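Since every read-out is calculated from the coordinates, none of them should be taken as a lab result. Everything numeric here is computed off the predicted structure, so don't read it as measured data. We place every Cβ from the backbone using ideal geometry, glycine too, and count neighbours over all the protein chains shown.
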């Protein structure tokens, strides 16, 4: 039996089935994005800088013949000066047919959250615009800030992604 939410059946949803999120860290916080948007996870490698690009766009990399833009989420969310070490990874995303990279501190695991484990995001003045939040996922004592990566990466400030990769 499929679950209905907002009068729309959830894709492949079974009673009590959850959604899978890739958990990653930025600073001291843990975030989650829809695992279906993730194409692959790679170690951080040097990027080619693009002149006049905003600071949060690290540059571009050549991924098997495709030039893709790379965004550093620590800079984007104003989480201090990024440090690149052996744990730093680039999550390769496929968003609406566009391939792009997202630099994060580390990736921990894939977490399945049921609808009752996802709470609405509170309105608060943070560096992170809550328009890009799906909500807060809770598993035992752990809390994941769930990010609508489609909305975030296709927002107007990220609109220069098309220009960079062109």
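Things worth noting here:
- Antiparallel bridges, percent of DSSP beta bridges restricted to region 17-142 (to nearest 5): 90 percent
- The stretch between residue 106 and residue 36 holds 23.4 nm of extra length on full extension. This uses 0.36 nm per residue minus the Cα-Cα distance.
- Annotation: peptides 56-63, 140-147, ranked by per-residue average of other Cβ atoms within 10 Å with the highest first, follow the order 56-63, 140-147.
- Peptides 65-71, 25-31 ordered by average Cβ neighbours within 10 Å, highest first: 65-71, 25-31
- Averaging 1/r over every pair of different alpha carbons in region 29-72 and inverting the result gives a Kirkwood radius of 12.2 Å.
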